[in-house]
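**Student:** Got a structure for you, questions after.
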Amino acid sequence: MLEKEHQEKEKGLSCPSCGSFSVQGGFVEIEAGRAYQRMSCTECDAKWRDVYELTDRITDDNL
Ligand SMILES: [Zn+2]
């Protein structure tokens with residue numbers, strides 16, 4: 001395993017398995033106030049999901 005602290009700091013940018021930045025974002029699943037994005041690493045072929053939570057809402061009058 002690589003250094004845990006480094007992985008935590010780079011969370012969401014690098015592979016949780018090998019630490020590579022060669023990650024690809026895939027299919028996004030959305031549910032109430034939360035979304036999951038399927039991610040994969042092109043270096044070691046690890047797969048995981050990134051979780052996004054709704055934290056704010058901005059109204060856009062131009063829409
Ligand atoms: Zn990897």
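What follows is calculated from the coordinates using simple rules that are stated; it is not laboratory data. In this text the structure is predicted, and so the values were computed from the model without any measurement. Ideal geometry is used to build each Cβ from the backbone, glycine not excepted, and the neighbour counts take in all protein chains shown.
**Student:** Given 5 Å bins starting at zero, what is the percent of C-alpha pairs of the range 9-63 in each, up to the one with the largest pair distance?
**Tutor:** Bins of 5 Å from zero give 5, 18, 22, 18, 15, 10, 6, 4, 2 percent of pairs.
**Student:** Where in the range 18-38 does the amide nitrogen come within less than 19 Å of the point 7 Å from the Cα of LEU63, taken along Cα to Cβ?
**Tutor:** 28-36, by backbone N distance to the label point.
**Student:** At R0 = 22 Å, how high is the FRET efficiency between LEU54 and LEU13 if r is their beta carbon distance? Nearest 0.05 is fine. Before the final figure, lay out each step's value.
**Tutor:** On the way: r = 21 Å, r/R0 = 0.95.
FRET efficiency, LEU54 to LEU13: 0.55.
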